[in-house]
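Down below is the structure, laid out as structure tokens.
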Amino acid sequence: MQLIELSPHDHLVINAGALFSGINLHSKKNVRIHIWDAKVQLIERQTVNHKKGLAGRKKNCQVISSDNLTVIPGLIDCHVHLAFNGLNSQLQHREELSVTEGLQKKLVSDLAHGIVAVRDGGDRRGIGLACRDMVNNVELKGPLIMASGTALRKNGGYGSFLGTGVAPGELAKVMKRLLKDDINQVKVLVSGIVSFKEYSRVGGVQFTLKELKQIVRIARAHGLKVMAHASSDEAVQLCINAGVHSIEHGYFISEDSLKAMADQGIAWVPTVVPVVVQSQGIGDNLTAKTAVIEHTYRRQLRMIGLAQKLGVILGVGTDAGAVGVQHGTGYLKELQLYREAGLTEEETLMAATRNGAYIVGMEESLGIISPGRPAYLLVLEGDILKYLIRPKQGMTAEGTFQSA
Ligand SMILES: [Zn+2]
């Protein structure tokens, strides 16, 4: 994938056979897209005359042209951990790159897979937050980053690598500190993790409904959304009642919870790939091809299909950085899993683009291709999802990306 960075002076014309704009599930055929000032300025229908015309006559006008091209909005990964590299626990320590080099490698991989924005689910040392600042200051090159800083977790509860822990009664104080760090959203660990040994066993709930409501209230008062790590339906229901913005993981979510989420506009980021890779014996659990893991992710796929039918706002998140999930490549696997869950190509793309933009809080600038909006978009050659999921030898694709 080739990255094109546009300066305000560049004029780019894309003549494409199809446009998936993210506005609805239907693609437009034979379009011409004009980009300048790093924004989409005009989308028109190509005519035969057009095909010979305009583009060639203008100076400083770059043209990308083929009937075989499809244009889609840039992809969004709603759940990553930039601090981690997806290797198992022994290899994490052996990584020889400096922290900055390691981050740059992950960010480049995201861009190379068409990912223009990521939402970081936090880490104990605030590396994701520092990474966002380095990208914003153009010290690193990468997608847009929405950072959580450290995750809220109960002292002694799950997730010591994600957050330092909140003692009873200290919630407001800890949140004040996070807000000072200029976080983009609040990440809270509501449950533990799912067991790969015993089907449907999940680590216990860490926060009470009262505490969760306090978290949501403080976050909202500062214009922030809450992304809630919640597996087990008990944890999911608490999050729904507290009014969080998105449920992360949600393994063992129930149909009733999905209906409530559809009603209340609460999004779901189901992160299937970190479970699937465990069943393939990647990561720490090398002998892992157990029925429990397969059973767990197949249930998750069924619930994704159901969520789509019920009208839940589904996003695509990989948990990249988790054992066995690499930044960038993990995203393509997650898209493949959405297709396996029964979503159409267009529904999968909608989850990956417009829904993602809503979930990460960038709906004003990302997720939709339309005049006046920044030109974060991908130009893909050939059968689009086939390309994204299984790159074929000899296929080319251009990514266009607005410069800061
Ligand atoms: Zn996570």
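The values are calculated or read from the model by the stated rules, or taken from the named source; none is laboratory data. Worth saying up front: this structure is predicted, and the values here are computed from it rather than measured. Here the Cβ is made from the backbone with ideal geometry for all residues, glycine too, and neighbour counts use every protein chain on show. For accessibility, only protein heavy atoms count, side chains too; no ligands or nucleic acids. Shrake-Rupley method; radii C 1.70, N 1.55, O 1.52, S 1.80 Å.
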**Report entry** Which numbered condition residue 251 misses (of (1) under 22 Å from the mean Cα position of the chain (by Cα); (2) closer than 16 Å to residue 202 by Cβ; (3) more than 13 Å from the ligand (Cβ to nearest atom))
**Finding:** (3)
Query raised in the report: So is residue 312 touching a helix residue (DSSP H, G or I) at 6+ places or on another chain (Cβ under 9 Å), within 14 Å of the ligand (Cβ to nearest atom) and over 15 Å from residue 76 (Cα atoms) or not?
Result: no
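State the number of residues belonging to the range 190-215 that are over 13 Å from residue 238 (Cα atoms) and in contact with a Phe, Trp or Tyr (Cβ under 8 Å, 6 or more places away or on another chain). Before you say what the answer is, go through the steps one by one.
Pass one, the range 190-215, residues over 13 Å from residue 238 (Cα atoms): 192-203.
Next, from what is left, pick out any that are in contact with a Phe, Trp or Tyr (Cβ under 8 Å, 6 or more places away or on another chain): 192-194, 200, 202-203.
Summing the residues that are over 13 Å from residue 238 (Cα atoms) and in contact with a Phe, Trp or Tyr (Cβ under 8 Å, 6 or more places away or on another chain) in the range 190-215 gives 6.
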Query - Total residues in the range 120-169, condition open to solvent by 10 Å² or more (accessible area, probe 1.4 Å), part of a strand (DSSP E or B) and over 23 Å from residue 76 (Cβ atoms) - result: 1
Query raised in the report: Counting just the residues of the range 288-309 that are at pLDDT 95 or above and of a type in the set (Gly, Ala, Ser), which one comes out nearest to the ligand (Cβ to nearest atom)?
Result: 307
Query raised in the report: Which ones in the range 19-37 are in a loop (DSSP other than H, G, I, E, B) and aromatic (Phe, Trp, Tyr)?
Result: 20
**Report entry** Residue ID - modelled with the lowest pLDDT, chosen from residues in the range 5-48 that are farther than 24 Å from residue 382 by Cα and of a type in the set (S, T, N, Q)
**Finding:** 7
**Report entry** Positions within the range 304-318 being in contact (Cβ under 8 Å) with a residue 40 or more places away in the chain and open to solvent by less than 20 Å² (accessible area, probe 1.4 Å), in sequence order
**Finding:** 307, 312, 314, 315, 316, 317, 318
**Report entry** Selection count, the range 70-102, where residues are away from the ligand (no atom under 16 Å from the Cβ), open to solvent by 10 Å² or more (accessible area, probe 1.4 Å) and modelled with pLDDT of 85 or more
**Finding:** 4
Requested in this report: Give 348, 353 a once-over and let me know the one that is crowded, with 23+ Cβ neighbours inside 10 Å, in the same structural domain as residue 128 (by TED's automatic domain parsing) and in contact with a strand residue (DSSP E or B) (Cβ under 6 Å, 6 or more places away or on another chain).
Outcome: 353
Report summary line: With criteria (1) part of a helix (DSSP H, G or I); (2) within 18 Å of residue 142 (Cβ to Cβ); (3) away from the ligand (no atom under 14 Å from the Cβ), residue 346 comes up short on (2)
